[in-house]
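Below you'll find the structure, written out as structure tokens, and then a few comments.
Each value in this text was obtained by applying a stated rule to the coordinates, not by laboratory testing. Just so it is clear, the structure is predicted and the values come from calculations on it, not from any experiment. A quick note on method: Cβ atoms are made from the backbone with ideal geometry, for glycine too, and the neighbour counts reach across all protein chains shown.
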Amino acid sequence: METLQVILLLLVGLLLIVGGADKLVDGAAAIARRYGISEFVIGMTIVGIGTSAPELVVSLIGASEGNADIAIGNVVGSNTINTLFGLGITALIFPMAITRSNRRIDIPMHLGFTALVFGLGMTGSLLGFGEDRLGRLDAVILLLAFVLYICYQFKAGGAAEETEEGKKLPSLAVSVLLILLGLVALIFGGRLFVNNATHLARLMGASDKFIAVTVLAIGTSLPELATCIVAAAKKKGQLALGNIIGSNIFNLLLILGISGLITPLSFSGMDRIDAGVLLLAGVLLVTASWTGRNNKLDRFDGALLLLSWAGYMTWLIINL
């Protein structure tokens, strides 16, 4: 009976995630069309930041308690899954168009910000006196980079896509309500899904370490994953891509920036393999954006990203 209850709650969580993603995408796309902002910019700001709310809470709690491993590990793990698993599975199901701006600016900047964080944190910070840590001045640099990048996006992000002829846009109030309801459903549904998936795994005899690198790792990225798939299914590929890139940059610059201001973050516990895989994910995304003839993240690119994620997960499980 307990197992059946857990499965039912698991399904309820999944329904909330899918429903929330659907409303979030509709509301965000409506605002983009209403104000002439590209869906990519809306995806990387409103949607990307909103879906990263769970990571923000976890990292800030970790930083306030002086636990740098939680603050840093949460961001590294989330970004790795977002790029390799999230974009991988979305591109495999629904190939996503890549614009010239994505190829020349957004995707390279995503890799550049990743390298910046590890450059500051793992080679001796500006105020770390040679220690592997992210000091407060480093945190200020990350926050400044975040502000400048977001300002740039709103200034040069391009115009919104054409609205379908005869299709009436919802009012601003309705659009904002859809976004808020979508985010609440995503976060609550994600938590319900993770809690019950963890419980079910324990009932099946899985170890805590196995649960941590599989169920919990994927579960914390469910809002981004669900939003990506729903957006791509609605032919809003730019919103989907913007969601992942925006979420990752938000994690790297804003979350680690604020966490680093609260307390200097030591990178001494960061595994070089984890850092290397995250950098590799950024490199693969850059490579995918410049290869192929269709200006898309196509199914081949999606399969390559997913295979890389599967290889990484296999390594993690073997080394539990």
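Brief remarks follow.
- With a cut-off of 20 Å on the backbone N, the residues of region 295-315 near the modelled label site 7 Å out from Leu280 along Cα-Cβ are 300-315.
- Panel order for Met96, Met109, by other beta carbons found within 10 Å of each beta carbon, from fewest to most: Met109, Met96.
- Between Phe300 and Ile318, the modelled labels are 2.8 nm apart [label points 7 Å from Cα along Cα→Cβ].
- Helical contribution to [θ] at 222 nm, DSSP H n ≥ 4, -39,500 (n - 2.57), averaged over the chain, rounded to 500: -22000 deg cm²/dmol
- Ranked list, fewest to most other Cβ atoms within 10 Å of each Cβ, for Lys155, Lys235: Lys155, Lys235
- Taking other C-beta atoms within 10 Å as the exposure proxy, Glu65, Glu224, Glu55, Glu39 rank Glu65, Glu55, Glu39, Glu224 from fewest upward.
- Efficiency of FRET between Asp69 and Cys151 - r from beta-carbon atoms, R0 35 angstrom, step 0.05: 0.60
- Taking the square roots of five times each eigenvalue of the Cα gyration tensor of the chain, the equivalent ellipsoid has semi-axes of 28, 25, 19 Å, listed largest first.
- Charge-dipole axis of the chain as Lys and Arg at +1 and Asp and Glu at -1 on Cβ define it, positive-most pick from Gly219, Gly20, Asn295: Asn295
- For the pair Lys235 and Leu15, label points projected 7 Å from Cα toward Cβ lie 3.0 nm apart.
- Residues of region 21-42 with amide N under 18 Å of a point placed 7 Å along Cα→Cβ from Arg100: 38-41
- The slack between Val176 and Thr291, meaning 0.36 nm per residue of separation minus the straight C-alpha distance, is 37.7 nm.
- Only one residue of Thr45, Thr114, Asn67 has its Cα farthest out toward the positive end of the dipole of the chain, where Lys and Arg carry +1 and Asp and Glu -1 on Cβ, and that residue is Thr45.
- Cα-based Lys pair tally, the chain, threshold under 24 Å, eight or more apart or on separate chains: 15
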